[in-house]
Amino acid sequence: MTTEVNTKPLITLTESAVRHVKILLSRKGTPEHYLRVSVAGGGCSGMSYKLDTTEAPSPTDRVLEFGSGLKGVVDLKSSLYLAGMVLDYSDDLMNAGFKFNNPNAKTSCGCGESFST
């Protein structure tokens, strides 16, 4: 019997996303805070992505390392929907903002901020 170990990160942030989050944390005067990535019911496709910051993880959070000293947290329920997701940031004039590339999303809305599984 063979046991397969998944070494793929729960969530990956591109260099652009890491850089932008660090800028936002610095502007808020909270560079040591964590990026909280989660999902909640709502949005036009059923579930919405949420990005926030938190001073410290809760006991049931999964703590993530994104590189360049940026840490993140994901609650257990959200981790079921976000496994394998890549978070990018674009500063393109027409489409600036965070971009969620979630392999678990079967459909997503036009703005890319909500999805269904």
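Any residue in the range 48-63 that's touching a residue at least 40 places away in the same chain (Cβ under 8 Å): show its pairings with residues that are surrounded by 15 or more Cβ atoms within 10 Å (Cβ to Cβ) and of a type in the set (Gly, Ala, Ser) at Cβ separation under 8 Å, as long as the two are six or more apart or on different chains.
48/114; 49/38; 49/114; 62/79
Let me confirm something: among 5, 39, which residue is assigned to a strand (DSSP E or B), modelled with pLDDT under 95 and not acidic (Asp, Glu)?
Just one listed residue meets the conditions, 39.
Return the residues of the range 38-97 that are aliphatic (A, V, I, L, M) and either crowded, with 17+ Cβ neighbours inside 10 Å or touching a helix residue (DSSP H, G or I) at 6+ places or on another chain (Cβ under 9 Å) (or both); say none if nothing qualifies.
Initially, the range 38-97 is screened for residues aliphatic (A, V, I, L, M), giving 39-40, 47, 51, 56, 63-64, 70, 73-74, 76, 80, 82-83, 85-87, 93-94, 96.
Answer for the range 38-97, where residues must be aliphatic (A, V, I, L, M) and either crowded, with 17+ Cβ neighbours inside 10 Å or touching a helix residue (DSSP H, G or I) at 6+ places or on another chain (Cβ under 9 Å) (or both): 39, 40, 47, 51, 64, 70, 73, 74, 82, 85, 86, 87.
Among the residues of the range 78-101, what is the count of those that are of a type in the set (A, V, I, L, M, F, W, C) and in a strand (DSSP E or B)?
Of the residues in the range 78-101, the ones of a type in the set (A, V, I, L, M, F, W, C) are 80, 82-83, 85-87, 93-94, 96, 98, 100.
Next, only the ones that are in a strand (DSSP E or B) stay: 85-87, 98, 100.
The qualifying residues number 5.
Quick check on the range 102-117: of everything there that is outside any loop (DSSP other than H, G, I, E, B) and under 22 Å from residue 9 (Cβ atoms), which residue is modelled with the highest pLDDT? First the steps, then the outcome.
Keep residues of the range 102-117 that are outside any loop (DSSP other than H, G, I, E, B), which gives 107-108, 114-116.
Then keep just the ones that are under 22 Å from residue 9 (Cβ atoms); that gives 108, 115.
Details: 108: 67, 115: 59.
By that ranking, first place goes to 108.
Could you give me the residue pairs with C-beta distances under 7 Å whose first residue belongs to the range 17-36 and is of a type in the set (Ser, Thr, Tyr), whose second residue is not in a helix (DSSP H, G or I) wherever it lies, and which are 6+ apart or on separate chains?
30/53; 34/53; 34/54; 34/57; 34/71; 34/72; 34/73
Could you count how many residues in the range 48-77 are outside any loop (DSSP other than H, G, I, E, B) and either under 20 Å from residue 25 (Cβ atoms) or among the basic types (Lys, Arg) (or both)? Even if it seems obvious, please write down each step before you answer.
Residues of the range 48-77 that are outside any loop (DSSP other than H, G, I, E, B), as a first pass: 48-54, 62-67, 70-74, 76-77.
Applying the additional criterion that residues be either under 20 Å from residue 25 (Cβ atoms) or among the basic types (Lys, Arg) (or both) yields 49-54, 62-67, 70-74, 77.
Of the residues in that region, 18 qualify.
Would you pick out the residues in the range 15-36 that are crowded, with 18+ Cβ neighbours inside 10 Å and not in a helix (DSSP H, G or I)?
33, 34, 35, 36
The values are calculated or read from the model by the stated rules, or taken from the named source; none is laboratory data. These figures come from a predicted structure and were not determined experimentally. Quick reminder, even Gly has a Cβ in these numbers, built from the backbone with ideal geometry, and neighbours come from all protein chains shown.
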